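Q: My questions will all concern the structure given below.
Readers should treat all values here as calculations from the given coordinates under stated rules, not as data from a laboratory. Keep in mind that what you see is a predicted model, and the values were worked out from it rather than measured. Here Cβ is always computed from backbone atoms with ideal geometry, including for glycine, and neighbour counts include all displayed protein chains.
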Amino acid sequence: MNRIFFDQLPDDDMYNCSKYSIDQWIAMGKPNMLIGWFYICSGVIYDLLYIPVLIVMLQRKFFRRACYRIMFYLGVVDFICVTINSIICGYFTLIGSLYCTHPYFTYVAGCLSTALWTTSCATCFLLAINRCITIIRPKLADKIFAGHRTTMLLCLPTTYFLYFFLFTPPLLFSSKYYAMFFNPFMGIPGFDAKVEEARYASPAHTVNNVADVVLLSCTYITFCTLIARTPSPETTSPKQQTFVQATIICCINAVAAVIYVVMQFLETPTALIVIGQVAWQGSHGAPVFIYLCMNRTIRTAVLKLLKLKGHRAGVIVFGSAISPSVAVTNQSIGGKNRCF
């Protein structure tokens, strides 16, 4: 993003579009109505469902709890990122956009979506730590996350966002593959992707994705182990649901993280690239379904907000990357850190 701040984008050799005329760039685009509308419709559904959930989380009975403050922060990040990687990318797909047909718009959207993805990963890990400490040492969790300390801890993912937003190369959308790449000329005639690979590589993004898969998987395994060891008979149903939910969460996140790293360096089929894009969208959008379907407290509050009557509720999940939030019983979590 610093290239735009210092007005370096037009003259930057890495992002220079002078090789072809604007008409030639437009002609090289590959519009796709089916994929484009799928991206847009899924993004609209995710965001529309997120709105009442985020409003509910701002209510005092929720927002005074550390886990819900983290979940609200994560929800805002997910909402904005879905707007970009689903709705805006869907629009780009419909019109067959390439970087050089809309350079500034594509670049800013890329900077934001890249930074928001990594921020989501960092926030999910923070929420996962919050849930695990709450189960193991509830009193310690109260001390670490009490009051404004949670807000101070959220400065860490915010700093992470600023680093990726300002100082790392962004993922840029290309209708050649209906996804985002660090190399803006991927698949364009006259550009050798293998030769130029090193110029556009983002080691920070690769490290983030690998760490995301490893750390969140380890944290989810730890969480599930702690739930499994909970002696209360009331945890039988939550135990089963938690393992299933954690598996789904880890799988969606891992698919998005791994495919997006692989396709930056290796020739990847377009179908697999689109799957990676959809998984990335789902990694930010799936949490809202978890909140509404498996978090009884949030679902009840949302139904009340919408003046609807709820049905028999389920339990809360642990969060996800996708967005964490955890399914545990009253015996597992005490005091103001309970998130259900």
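Q: Given Lys61/Lys139; Lys19/Lys176; Lys139/Lys304; Lys143/Lys307, which pairs have Cα atoms separated by over 29 Å?
A: Lys139/Lys304; Lys143/Lys307
Q: Would you mind checking which residues have amide H under 5 Å from Ala179's amide H? H placed 1.01 Å from N; only 5 or more apart, or other chain.
A: Those qualifying (amide H under 5 Å, at least 5 residues apart or on another chain) are Ser174.
Q: Between Ala271 and Leu305, what's the calculated FRET efficiency when r is the beta-carbon distance and R0 is 25 Å? Round to 0.05.
A: Numbers: r = 40 Å, r/R0 = 1.60.
The pair Ala271/Leu305 has a calculated efficiency of 0.05.
Q: Sort 152-163, 134-145 by the packing proxy (mean of other Cβ within 10 Å over each peptide's residues), most packed first.
A: 134-145, 152-163
Q: Okay, next question. For a quick protection proxy, order the peptides 283-293, 213-223, 90-100 by their average other-Cβ count within 10 Å, most packed first.
A: The packing order, highest mean first, is 283-293, 90-100, 213-223.
Q: May I pose another question? Determine the distance separating the Cα centre of the range 276-309 from the Cα centre of the range 185-214; give it in Å without decimals.
A: If you average the Cα positions of each part, the centres end up 33 Å apart.
Q: Place +1 on the Cβ of every Lys and Arg and -1 on the Cβ of every Asp and Glu in the range 117-218, take the dipole about the Cα centre, and give the residue among Pro189, Asn208, Ala146 whose Cα lies farthest towards its positive end.
A: Working it through, the farthest residue towards the positive pole turns out to be Ala146.
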